[in-house]
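Step one of this worksheet: look at the structure below.
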Amino acid sequence: MKIHKYSIKKSINFLKKNECIGMPTETVYGLAANAYSDKATLKIFKLKKRPKNNPLIVHYYDLDTLKKDCHLNKYFNKLFKKFCPGPITFILKLKKDSHISKNVTNNKNTVAVRFPKHPIARLLLRKINFPLAAPSANISSSISPVTKSDVEDEFGNKIKYILNGGRSVIGLESTIVDVSNKPKIIRLGGLDLKNINKVLKLNLKYKFKNKIKFPGQTKLHYSPGVPIKLNVKIPKKKSAYLLINKKKINDKNYFYLSRKRNLTEAGKNLYKTLRNIKKRKFKLIEVEKIPNVGIGQTINDRLKRASTK
Ligand code: TXA
Ligand code: MG
């Protein structure tokens, strides 16, 4: 994708004025603002209608910029080397003299950080001298956006600018690993857990729980506002049916996440498809069984959360 100098300039101007902008990343679009500014980060919470106690992820260009704000450690270094920039977020201990706004961390002594791979996000981050706090650019508990027009869907003209970066190639949020202490998986995401375990030589698992510390990890999340039923072999006539295996007969209510059982492709298509189904006013979504391996685990996690509304 061509990078337009003009749009980067415009984004920088808004960010410097403590405004929020839509920012493309390879996982999902973010609602970005200066992470060092109380005023700018407060706007994120207001726009998203996000509970103040749900901390934000901070996006950095490189290690030099990160080191000013966080304490690094051996687990972080190993994973950083292998996967960054990319779809992984780290929870790290915050430095006492860090400039990160208290709004971002909800006054905690840890912070979530990530290095997005999207070339436009990287270019933007390189050209500013502050990191960007950016949660997914959707109203709290709605579906995450994967294109500029999805962000417009969510906020209309309430945000000043959206930087266009085409469609997010991963289409699922980053995997979050807490390395502020003994490593722990906080959220499944676009990076397969297996890869993290291989690097750390550990066998970390993720448990789907109802009782969680952070509101961003509640069950009621990623929701299209339509009931979802999982592991359905034969769908009802009027429901939208999500599939990953090509069928001989095709109904007009069939929505393929993949036709080849390709879970990476299915992950990329998940949010776009859910958004599309929501717009078409289906009353029920039914889903073919999705193997609970690799990115399939992340897809099932999101569908389970979305189905508990
Ligand atoms: O792919 C992504 O991660 C996208 C793109 C835009 O980078 N961002 C994203 O942000 O998904 P958000 O705000 O939708 O999800 C951030 C998650 C929340 O569940 C929040 O509770 C958790 O990160 N989080 C943030 N700080 C934390 C901390 N100190 N400890 C534990 N969890 C934290
Ligand atoms: Mg989100």
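Of T264, S37, A306, whose Cα points farthest to the positive end of the dipole of the chain (charges on the beta-carbon: +1 Lys, Arg; -1 Asp, Glu; origin at the Cα centre)?
Going by the Cα projections, it comes out as A306.
How large is ³J(HN,Hα), in whole Hz, for each residue of segment 291-301 in order, when computed from phi with the Karplus curve 6.51 cos²θ - 1.76 cosθ + 1.60 and θ = phi - 60°, using x for Gly and Pro?
For segment 291-301, the Karplus-derived couplings read x, 8, 10, x, 5, x, 4, 5, 4, 5, 4 Hz, x marking Gly and Pro.
Run the dipole for the chain about the Cα centre, Lys and Arg Cβ at +1, Asp and Glu Cβ at -1, nothing else charged, and hand back the magnitude in debye, nearest 20.
720 debye
Under a cut-off of 12 Å between alpha-carbon atoms, report the aspartates and glutamates in cross-link reach of K233, not counting same-chain residues fewer than 8 places apart.
List returned: E286, E288.
Can you give me the C-alpha center-to-center distance between segment 6-62 and segment 234-309, rounded to a whole angstrom?
30 Å
Excluding residues on the same chain fewer than 8 positions from K158, give the aspartates and glutamates whose Cα lies under 12 Å from its Cα.
E19
Could you compute the FRET efficiency for N107 and R167, with r as their C-beta to C-beta distance and R0 at 41 Å, rounded to 0.05? Mind showing how you got there, number by number?
Values: r = 36 Å, r/R0 = 0.88.
For R0 = 41 Å, the calculated efficiency reads 0.70.
Which of the aspartates and glutamates could a cross-linker bridge to K279, judged by Cα under 17 Å and excluding same-chain residues fewer than eight apart?
The qualifying aspartates and glutamates are D150, E152, D153, E154.
Every number here is computed from the coordinates shown, using simple stated rules; none is lab data. What you see is a predicted model, and the numbers here were worked out from it, not measured in a lab. Backbone-built Cβ (ideal geometry, glycine too); neighbour counts: all protein chains shown.
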